[in-house]
Structure formats: C-alpha cells, structure tokens
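Report on the following structure.
The values are calculated or read from the model by the stated rules, or taken from the named source; none is laboratory data. Keep in mind it's a predicted model, so treat the numbers as computed, not measured. Glycine gets a Cβ as well: all are built from the backbone with ideal geometry, and neighbour counts include every protein chain shown. Remember, those area values only see protein heavy atoms, side chains included, never the ligands or the DNA or RNA. Shrake-Rupley method; radii C 1.70, N 1.55, O 1.52, S 1.80 Å.
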Amino acid sequence: MYGFEMLNFNIKDGYLEAIVRGHRAGLLTVADYNNLCQCENLEDIKLNLTSTDYGAHLANEASPLFTTTIVERCTAKLVEDWHYMRCNAEEELGKFMDYCTYAHMIDNVVLIVTGTLHERDVQELLDKCHPLGMFDSIATLAVASNMRELYRLVLVDTPLAPYFSEHLTHEDMDEMNIEIMRNTLYKAYLDDFQGFCRSLGGATAEVMGDLLAFETDRRALNITLNSIGTELTRDDRKKLYSNFGLLYPHGHNELAAAEDFDQIRAAMEKVPAYASIFNKLGFGESQMLDKLLYEEEVKRCVVSFEQQFHYTPFYAYMKLREQEIRNIMWISECVAQNQKARIQDGIVFTF
Amino acid sequence: MALSPVAFIWVPSTIAWVCFIISVGDPARFIDWSWLWLLFRATSPYFWSAFGVALAVGMSILGAAWGIFATGSSLVGGAIRVPRITSKNLISIIFCEAVAIYGVIVAIILQTKIDYTAPSPELGVYDKYAMYSGFSIFGAGVTCGFANLVCGMCVGIVGSSCALSDAQNSTLFVKILVVEIFGSALGLFGVIVGIIMSGSVKWTA
C-alpha cells in the first residue's frame, strides 16, 4: 500500500538509510568548493580535502600528486561506503543497489572492448575501469572478437546477460557497433531497473521513477545529438530509446525525426519539465547543455532525500558523489594546468 | 503486493466464520439467528473482561515495540556519524515506552474491577449488570489498546525522522519534538476514555 511503507521500512533498512543520510551530510558544500578553487597546486587541494570526508583516504598519499591519484582515492571512498552498505543490505535493498551498479558494468565492458579494438594493454584498461562495476571474468573480455563470442564467453555469467540476448550478431566490432551495443544494453538495463522499481511499489517506485525517467530522457537526447549526421537510421535510433519516461512515446517519434539541434530543441521543449532547461540555453548554443543536464540531475538527486523510507537515497548518493568527484577532477586539472579562470565553468554545485 | 495476508489470513478466516454461522443451530433454518443470539447472550462476561484486559496491555505493547524499533534503527545508524544525537533522541524512545506503561496501568486498573457473580440457575445466563460490566471492561481495553497501538506507531515514525533531521541540523530537534508530543497525547486520550468507560462497573444490582 502506498503510504504505509513507513510502518515496516525500518525493520530491514532503517539502519542503512540512516547511514546513507550521514554520508550525504558529508558531501562538499559551496564553502568547500570555494576553498578548493583558491588552491595554488595539488598539494593545497589535498590539504583542503583532508578536512572533509575524503581525509582518511587522501592523508597518506605520497608527495608527487597527480590528478588521477586524487580522483582514484576519492572514488575509493565512494567504493568503501558503497561496499559497507551493500554488505549490510537485506535482499531487496541489496538487489536495488546491484541494479545501481549495472550502469558501471556496462561502461566497463564497453571500455575494455573499445580498448582492445585499439590494441591497448588489458591491465591498463582494467585499471581505468570503474571499481563499482567490476565483475570476476572482466579480463576475458579482451579475448572476444565479435559480439556473439562476447556474450557466450563472458557476459552470459554476469548480471548483464538478460540485456544482451536480443541483439546478437556475428559482425565484427567497430566503433559504431560498440556504441550501438552500449546504448542497446543501457536501454534494456533502464527498462529492467524501472520494472524492478515499479514492483517495489510505494515511494521507491514514485521517486526512482522520476529519476529514471530523467535519466532515460537525457540519454535519448544525447543519443539523438550524437547520431545527427551519422549513418544511423531513424528506426535504429528509435530502437535505442527506452520504453518509459516523459518523452515516451510521442517525444521519441519527434526526436527520431530530428536532424539538427533546433529540431531537437523543439521536441524537448514540448515537455514542460525540460523546457526550463532549454530556456537557459541561448539560441543556437549547445555547449552548455551538458552542464545544465548535470545540474538538473543533481537538483533532482538532492530533492529525493527529502522523503524518508524509500531506497532512492542510495542511488542519489552514488550519483552525487560521482558528480563531486567529477568536480574535484575538474578543479584539480584547472589548478594543475594553471587555468584557474575556467574553474567556475565546470563545477556543478550540490547545495 | 499485499496478496499474502489476503490469501492466507483473511480468506480462510472468512470462510471459516461463514461455515460456522451456517452450520450451527437448528438444521431446519439456513442461519439460525435465535441460536446465535443465545450463544452470544450466554457468553460469560468474564470472557469479555479478560479479553479486554489482554487487549489493553497487548496492543499497547505492540504499539510501543513498533515505535521503538522504528526510531531505534534510524538512531543507531545516524549516531555512527553524529554521536551527539544519541542522548537527546532517547526522548523519542521514552515517549514510545510511556505508551507501553499506559497499557500496563490500564490493564491493572481494569482487572481490579472484575468481581465474582453467579449466573442465573435456570438458563445459565448472567444478569444485565454483569453483562454491562463485562462489555464495558472489554470496550475500555479495546479503546486503550488500539489508541496506544497507533500512538506508538506514530511516535516511532516521527522519532525516526527526528533523529535523522537532528543529525543534519541540530536546530530541528525541538521543533520535531513538539510533533511527537502531540502524537503521544493520542495514547493518553485512549487511556482517559478507557478509565471513564470502566469507571461505573458493578457486577450485581
């Protein structure tokens, strides 16, 4: 029954919800970002981050600091928090948290396959993979040479197996096919995740439904933007859009037919929720779109903490931490390359 | 979906009740209302009063326990990061515990009002004073029990939110405590009405 889950939620998940809200309290604030922006070099950044939640992870880093080291240590903090919560989670929450990490798994698979195509070393690729999306047989991805082998050798044992079985071809993998594979997997994953959240019911279904709808609409927008001018046909493009979201089904028809940015914009502005994003863009501008979409995502994730007794805070916490790590990476890069004028362009403030 | 309690509790018990009502009494009648009335009339008032005492304490403690686990799990999780919330938020736990104490007090008061009377020798039914007393103790127990049940649930859920909000922003604690105080007044209403209802029991004329 919707509204009555607050009676039994705390039996299984009350402790972990309190833990994740504690982690949310440790996200970087505007004051922290201001301190970081005024740093002169990476050592200063490390010093400033030591007084935040990242302190324990960064404190023992040796002196020649690189941006990648800082980002790696910060990601390690997210992974440690996530691992603690995942180990203590009961079955439903555990399944939900696993669903949250499948997106990283898909990204890792595509990373390794693309890297192998460009003849990079497997070990180097494994180091670049996101730790939340690792699975046991990931290294054997480098061996596969077409998609059917990929599925048969590796992916059939992973949680990604049900997403894969629709589009098995003997084609060799090239850039285009890998991107199509990534988006097809992502579409199946989002549909599955949405179905799972719906089956949970209550506040989780409602709030996660909103967040996932935004995610899927954002991916539809990005797919359309990236496939303008390529040889992807309209039908193929339409097949990559998910079966839910504010744009489904009529917005998808319009997006599939769009050939340039203004047509896309016209299609998106018909949805009131996204019209406000496009209003902030000047006429003909598309560079700021990424940042505006990130800001919208962060805003929705922060708002999802307002309601209690549902699973969305876990997903939202992961997204907010990742945005924070992206911010830290941007700041570190700007500081390391002495481009401090551009720092404010790349940060998305959480609060 | 909540299919499981419907399929395993409500449906079998409804079927059992219906079969019972249809099957007892005079076989000539489909539902023998006069037999059922006599069955009800002959039920001992001591059954009702004992059941009332049981409900008074049982449901109150169910409500208190519900509230304590709801608050306690959030409090423990939140206190890992923000240890200062523990001492203040024990008040929420104490409010839930008070609900259990109300139930015990009312149960003790109710059971002191139970006296012995004999049933009438011809039909084995009790006279009107005894029946009234049995029913009123039952009613008082049900009132107190259910009021404390929902009061405990309410205070527990608000207490959980109070602990988590206090962890984020310590000025919120006192304000949410006011909500909890209003919530715990609900249990008191049940106690007061229960005491009034059972105040005028007398078992004989």
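Once phi is turned into ³J(HN,Hα) by the Karplus curve 6.51 cos²θ - 1.76 cosθ + 1.60 with θ = phi - 60°, what whole-Hz value does each residue of the range B:193-205 show in order, with x for glycine and proline?
5, x, 5, 5, 4, 8, x, 10, 6, 9, 8, 9, 5
For chain A, calculate the relative contact order in percent as a whole number, restricting contacts to Cα pairs under 8 Å that are 6 or more residues apart.
RCO, chain A: 22 percent.
If packing is taken as the mean number of other Cβ atoms within 10 Å per residue, what is the order of A:139-147, B:32-40, highest first?
Put in order of decreasing packing, that is A:139-147, B:32-40.
What shape does the protein assembly as shown take by its C-alpha gyration tensor, where a ≥ b ≥ c are the square roots of the eigenvalues and a/c under 1.5 counts as rounded, a/b above b/c as prolate, and the rest as oblate?
Because a/c hits 1.5 or more and a/b exceeds b/c, the protein assembly as shown counts as prolate.
Is the range A:273-351 best put as rounded, prolate or oblate by its Cα gyration tensor, with a ≥ b ≥ c the root eigenvalues, rounded for a/c under 1.5, and otherwise prolate when a/b is larger than b/c, oblate when not?
Oblate shape, in that a/c is at least 1.5 and b/c is the bigger or equal ratio.
Counting pairs of alpha carbon atoms under 8 Å apart in space and at least six apart in sequence, what relative contact order in percent does the range B:1-145 give?
This gives 36 percent for the range B:1-145.
Taking R0 as 30 Å, what FRET efficiency do you get between A:Arg342 and A:Arg120 from their Cβ-Cβ distance, rounded to the nearest 0.05?
It comes out at approximately 0.50.
Taking the Cα-to-Cβ direction at B:Tyr116 and at A:Phe4 and moving 7 Å from each Cα, how far apart do the two end points lie in nm?
Going from the B:Tyr116 label point to the A:Phe4 one covers 4.5 nm.
Between the alpha-carbon centers of the range A:58-119 and the range A:230-269, tell me the distance in whole angstrom.
31
With all protein chains present, calculate the accessible area of B:Met59 using a 1.4 Å probe and round the result to the nearest 10 Å².
It works out to around 40 Å².
Going by average Cβ density within 10 Å per residue, which order do the peptides B:138-150, B:82-94 take, highest to lowest?
Those peptides, ordered most packed to least, come out B:138-150, B:82-94.
In the range B:150-192, what residues drop by 40 Å² or more of accessible area when the other protein chains are put back, versus the chain on its own? Use 1.4 Å, and skip ligands and nucleic acids.
B:Ile157, B:Leu164, B:Gln168
Taking a 31 Å limit on the Cα-Cα distance, which of the listed pairs A:Lys46/B:Lys88; A:Lys12/A:Lys291; A:Lys299/A:Lys340; A:Lys46/A:Lys319; A:Lys12/A:Lys319 fall beyond it?
A:Lys46/B:Lys88; A:Lys12/A:Lys291, as the Cα separations exceed 31 Å there.
Peptide A:5-17: average number of partner chain Cβ atoms within 10 Å per residue?
Going residue by residue through A:5-17 and averaging, the value is 5.
What does the charge count near B:Ile21 come to, summing +1 for each Lys or Arg and -1 for each Asp or Glu among other residues with Cβ under 12 Å from its Cβ?
0
Given an 8 Å cut-off on Cα distances and at least 6 residues of separation, report the relative contact order of the range B:88-163 as a percent.
It rounds to 56 percent for the range B:88-163.
Note down the nm distance, to one decimal, between modelled labels 7 Å out along Cα→Cβ at B:Phe146 and at B:Asn169.
Simple spin-label model gives 3.8 nm for this pair.
What percentage of the solvent-accessible surface of the protein assembly as shown, computed with a 1.4 Å probe over protein heavy atoms, is contributed by carbon and sulfur atoms?
61
What's the average, rounded to a whole number, of partner chain beta-carbon atoms within 10 Å of each residue's beta-carbon in B:64-72?
What the average comes to for B:64-72 is 2.
Could you tell me the center-to-center distance, by alpha carbons, between the range A:291-351 and the range B:26-94 in angstrom?
Comparing the Cα centres of the range A:291-351 and the range B:26-94, I get a distance of 47 Å.
Give me the net charge for the shell around B:Ser74: Cβ to Cβ below 13 angstrom, other residues only, Lys and Arg +1, Asp and Glu -1.
Charge balance near B:Ser74 sits at 0.
For a test of the definition: using alpha carbon positions, the gyration tensor, and the 1.5 limit on a/c, classify chain B as rounded, prolate or oblate.
oblate
Averaged across the residues of A:18-31, what count of C-beta atoms belonging to other chains lies within 10 Å of each residue's C-beta?
4
Using label points projected 7 Å from each Cα along Cα→Cβ, tell me how many nm separate A:Lys299 and B:Phe135, to one decimal.
6.2
Sorted by average packing, counted as other Cβ atoms within 10 angstrom per residue and highest first, what order do A:296-303, A:186-193 take?
The peptides rank, most packed first, as A:186-193, A:296-303.
So who's got an amide H within less than 5 Å of the one on A:Ser242, skipping anything under 5 residues away but keeping other chains? H placed 1.01 Å off N, in plane.
Distant-sequence amide H within range of A:Ser242: zero hits.
Starting at the first residue of the range B:95-103, write each ³J(HN,Hα) from the Karplus equation 6.51 cos²θ - 1.76 cosθ + 1.60 with θ = phi - 60°, in whole Hz, x for Gly and Pro.
Working through the residues one at a time gives 4, 5, 5, 4, 4, 5, 5, 4, x Hz.
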